[in-house]
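A short worksheet on the structure shown next.
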Amino acid sequence: MELGFSAIFRRDLLLAFRHRAEIANPVIFFLIVVTLVPLGLTPEASRLAEIAPGILWVMALLASLLSVEGMFQSDYRDGTLEQMIILPQPLYLMVLAKILVHWLVTGLPLTLLAPVLGMMLSLPEAGYLPLVFSLLMGTAVLSLVGAIGAALTVALKKGGLLLSLIVMPLYMPALIFGASTVQRAVDGFSVDGPLAVLGALLAFSLLVSPFATAGALRVSMHG
Amino acid sequence: MLTTEPNTDLFSPNSLDLRALAFERDDRMLFSNVGVSLKSGDILQVEGPNGCGKTTLLRIITTALSPSAGQLLWQGQNISQVRQTFLHNLLFLGHLPGLKQALSPEENLIWWRRLNQSQAECCNNEVLARIGLRGYEDVPCFNLSAGQQRRAALARLLVTKASLWVLDEPFTAIDKQGVSELESLLTEHSARGGIIILSTHQDLGIPGIERLSLRHESLGQKALDQNSPFVVDVA
Amino acid sequence: MSQLFSWKWFHRLGSPRWFYQTSGKWLPWLSMLATGLLLVGLCWGLAFAPQDAKQGNSFRIIYIHVPASFLALAGYYVMAIAGAIGLIWKMKLADMVMKSAAPIGAVLTFVALVTGAIWGKPTWGTYWVWDARITSMLVLLFLYLGVIALQYSYSSQDAASKASAVLSLVGMVNIPIIYKSVDWWYTLHQPATIKFTEAPSMHPDMFQPLLVMILGFYCFYAVALILNTRVEVLCRERRTRWVQELVASKCT
């Protein structure tokens, strides 16, 4: 049953392309909040370099969090969600397709922008590749976990703040291992361990999240 | 190749039974003991005052919600056992048109057909012309009026292979001509041996229609049984 | 019709009315047991257990802190399992238990955090350190708050129960991962220099009252959960005849 997956995947990519101005929003957000750090803290390169790994990861997490709210919202409001739920196709795969598109239009651009921001925060050279790899996997975990929260709050009128509240604690493992990947690389240690754990987190959330999200979307029909 | 002409293929005989359906929300019985048997060619109109559970009942029939009690039978078998075949045979149009605003009517139709596993590319423009959207095929839906959006959603009725149509207020926002066109579509589908369940406040000009009224009894008189303020007549 | 039979049994178990009546009979005994255990444990722990060699009398706060932390975590599992039962078997009583368990668990988590902070002052010289256990406990509090907030933001109670059941299940699956991550994070940043007085390595004279306190907290938790659930039962079943008769009989 690949049909539902590929149809939703292509449709959502097309929709993302039609709303391409919105794709830029999380990326611009990421850029602006990172700019706030030297303004609020210090422009001194050595001190910035010290905190750069953590700051970049926290800000990327926030940018991803802000964009996750819209994942199912328009589908819920225009009635395509109720159509999706009663298709003779596994909802699991359709949800997975939506999450994948979300990652492609938010997680991936954030990851690509991160090295530039790393440079602005004087991230030491050893940190760049681990930063990209950890964000590549980490933002996928964030999209997957965020989808559960987005589905749980989609039927609520003011779901945004609540969504952050319920999703952020679940983001913590990804943040811990993502940020420490970069930190360890900067400190000259091997990053295989935390990267492997990030990979395991990714595999685990790939397994669990579409399932929980599909269940939560069915619940939203009761709302 | 062109299928804008009315499709005259007959459906194989179908049957849908609603047995003692009840729905309870927050410890209040919305309706109870709803039972009706439908077979090929039947049209059922669900009526009742606002908030009596028409939409809920239709959603239960589509399996999007599960009833608190009672069961649904498709071809005599419990719906949970034949869910896949049932869903293949089901077309549902809700209150909301189910259209992506950034896509044109044609793209919406193509996307919908892809998901429903029918050939997506054939004759979409002809179908949209027949439903009254000639010239609007590639206008994004957010530029269309409410009635035109409803028509874009109704275009699915022309391309679907489903034998059971569940339509929630399909006449909303359509003009007079549109209403009579839709009525003839419904008659056509019923003549081919399909089953239609629709909710509407409108009196339909279709002969032989069955009615199911969900009536809020406690509005008129005091409820006899505290647990079931709604009673059901099948005329 | 063996199926019918088993359902009957299940429904009886899940009947709020049956729960209300049965729990009413158990409650006085359970409350007495909880009070007794807590009183004995407190007197024993605070007055008779020996002083800690390094921490002096300040260690005695563990008689509150440790049981509260235990129950905070166990309470999340109680909540999530009740939620799962409500979700799978559509048992209303389970939904009510889940809803009632959330605030109790959150309060216990808060108590564990506050007592931990108070204990931290004489031990570490500061109220708050980003220690692995404290941080995990803080995350647990966030998880509780998320479930409670979700519970109250739905207007339909049924939808609220289902949504918070899904969330607490997701949380339950995540708790071990979060705990392990925080542990790893802590060892990475601060090689553990300060070790807690681990419960099993404690002197038996200190450990026995702790055991009594833990048992007492379990009983206290059960009492609190039952009381809270009874209120929830009455609230949700207020339109039914048995509740109305009950209220009428209490009023006269």
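The values are calculated or read from the model by the stated rules, or taken from the named source; none is laboratory data. Predicted model only: the values in this text are computed from it and were never measured. Neighbour counts run over all protein chains shown; Cβ positions are idealised from the backbone, glycine included. Surface accessibility is based on the protein's heavy atoms, side chains included, excluding ligands, DNA and RNA. Shrake-Rupley method; radii C 1.70, N 1.55, O 1.52, S 1.80 Å.
Quick look at the numbers
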| quantity | calculated |
| --- | --- |
| The listed residue being aliphatic (A, V, I, L, M) and either assigned to a helix (DSSP H, G or I) or open to solvent by 20 Å² or more (accessible area, probe 1.4 Å) (or both), out of B:Val166, B:Val179 | B:Val179 |
| Pick from the stretch A:191-219, criterion at the interface with chain C (Cβ under 8 Å from one of its Cβ atoms) and open to solvent by less than 20 Å² (accessible area, probe 1.4 Å), ranking: farthest from A:Leu136 (Cα to Cα) | A:Val219 |
| Qualifying residue in the stretch A:146-157 (condition: open to solvent by 20 Å² or more (accessible area, probe 1.4 Å), within 11 Å of chain C (Cβ to nearest Cβ) and either at pLDDT 95 or above or more than 15 Å from the chain's Cα centre (by Cα) (or both)) | yes |
| Top-ranked residue of the stretch B:28-71 - restricted to ones that are open to solvent by less than 40 Å² (accessible area, probe 1.4 Å) and among the charged types (D, E, K, R), ranked as farthest from C:Asp158 (Cα to Cα) | B:Asp42 |
| Odd one out for A:Pro88 among (1) within 14 Å of chain B (Cβ to nearest Cβ); (2) assigned to a helix (DSSP H, G or I) | (2) |
| Residue within the stretch A:41-63 that is out of contact with any strand residue (DSSP E or B) (no Cβ under 9 Å at 6 or more places or on another chain), more than 30 Å from B:Arg83 (Cα to Cα), open to solvent by less than 50 Å² (accessible area, probe 1.4 Å) and within 12 Å of another protein chain (Cβ to nearest Cβ) present | yes |
| Subset of the stretch A:159-171 [open to solvent by 10 Å² or more (accessible area, probe 1.4 Å), within 8 Å of chain C (Cβ to nearest Cβ) and either over 14 Å from the mean Cα position of the chain (by Cα) or not hydrophobic (A, V, I, L, M, F, W, C) (or both)] | A:Leu162, A:Leu165 |
| The stretch B:37-53 residues that are farther than 17 Å from B:Leu10 by Cα and among the charged types (D, E, K, R), paired with ones that are open to solvent by less than 60 Å² (accessible area, probe 1.4 Å) and part of a strand (DSSP E or B) (beta carbon under 6 Å, 6 or more apart) | B:Glu47/B:Ser213 |
| Of the criteria (1) open to solvent by 10 Å² or more (accessible area, probe 1.4 Å); (2) at pLDDT 90 or above; (3) more than 30 Å from C:Ala53 (Cβ to Cβ), which one C:Lys90 fails | (2) |
| Selection count, the stretch C:129-186, where residues are surrounded by 18 or more Cβ atoms within 10 Å (Cβ to Cβ), assigned to a helix (DSSP H, G or I) and of a type in the set (Asp, Glu) | 1 |
| Test for C:Leu113: is it modelled with pLDDT of 90 or more and over 27 Å from C:Leu141 (Cβ atoms) | no |
| Selection count where residues are surrounded by 21 or more Cβ atoms within 10 Å (Cβ to Cβ), assigned to a loop (DSSP other than H, G, I, E, B) and within 13 Å of chain A (Cβ to nearest Cβ), scope the stretch B:116-142 | 1 |
| Where a residue in the stretch B:185-208 is at pLDDT 90 or above and its partner, wherever it lies, is of a type in the set (Phe, Trp, Tyr) and open to solvent by less than 10 Å² (accessible area, probe 1.4 Å), with Cβ under 7 Å and at least six apart | B:His189/B:Trp165; B:Gly194/B:Trp165; B:Ile196/B:Trp165 |
| Residue check, C:Lys99 closer than 29 Å to B:Pro67 by Cα and open to solvent by 10 Å² or more (accessible area, probe 1.4 Å) | yes |
| Extreme residue, farthest from C:Ala94 (Cα to Cα), among residues of the stretch C:40-60 that are among the aliphatic types (A, V, I, L, M) and without any contact (Cβ under 8 Å) to a residue 24 or more places away in the chain | C:Ala53 |
| Complete set of residues in the stretch B:11-40 that are in a loop (DSSP other than H, G, I, E, B) and either within 14 Å of chain C (Cβ to nearest Cβ) or at pLDDT below 90 (or both) | B:Phe11, B:Ser12, B:Pro13, B:Asn14, B:Asp26, B:Asp27 |
| Residue within the stretch A:178-190 that is open to solvent by less than 10 Å² (accessible area, probe 1.4 Å), of a type outside the set (Gly, Ala, Ser) and at the interface with another protein chain (Cβ under 10 Å from one of its Cβ atoms) present | no |
| Residue satisfying all of: in the stretch C:200-240; open to solvent by 20 Å² or more (accessible area, probe 1.4 Å), among the polar types (S, T, N, Q) and part of a helix (DSSP H, G or I); nearest to the other protein chains (Cβ to nearest Cβ) among these | C:Asn228 |
| Of residues in the stretch A:107-136 being surrounded by 23 or more Cβ atoms within 10 Å (Cβ to Cβ) and within 17 Å of the chain's Cα centre (by Cα), the one nearest to the other protein chains (Cβ to nearest Cβ) | A:Ser134 |
| For B:Ala152: the one exception among (1) surrounded by fewer than 20 Cβ atoms within 10 Å (Cβ to Cβ); (2) modelled with pLDDT of 90 or more | (1) |
| Filter result (within 7 Å of chain A (Cβ to nearest Cβ) and modelled with pLDDT under 90) within the stretch B:99-115 | B:Trp111, B:Arg114, B:Leu115 |
| Subset of the stretch B:147-186 (residues that are touching a strand residue (DSSP E or B) at 6+ places or on another chain (Cβ under 8 Å) and of a type in the set (S, T, N, Q)) | B:Thr160, B:Ser163 |
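Let's see how each residue does on (1) within 14 Å of chain A (Cβ to nearest Cβ); (2) more than 30 Å from A:Ala155 (Cα to Cα); (3) modelled with pLDDT under 85:
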| site | (1), (2), (3) |
| --- | --- |
| C:Asp131 | no, yes, yes |
| C:Phe142 | yes, no, no |
| C:Leu145 | yes, no, no |
| C:Trp185 | yes, yes, no |
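Per-residue answers, yes or no, for (1) open to solvent by 60 Å² or more (accessible area, probe 1.4 Å); (2) away from chain B (no Cβ under 13 Å):
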| position | (1), (2) |
| --- | --- |
| A:Gly4 | no, no |
| A:Ala7 | no, no |
| A:Leu13 | yes, no |
| A:Ala16 | no, no |
| A:Arg20 | yes, no |
| A:Leu31 | yes, yes |
| A:Pro38 | no, yes |
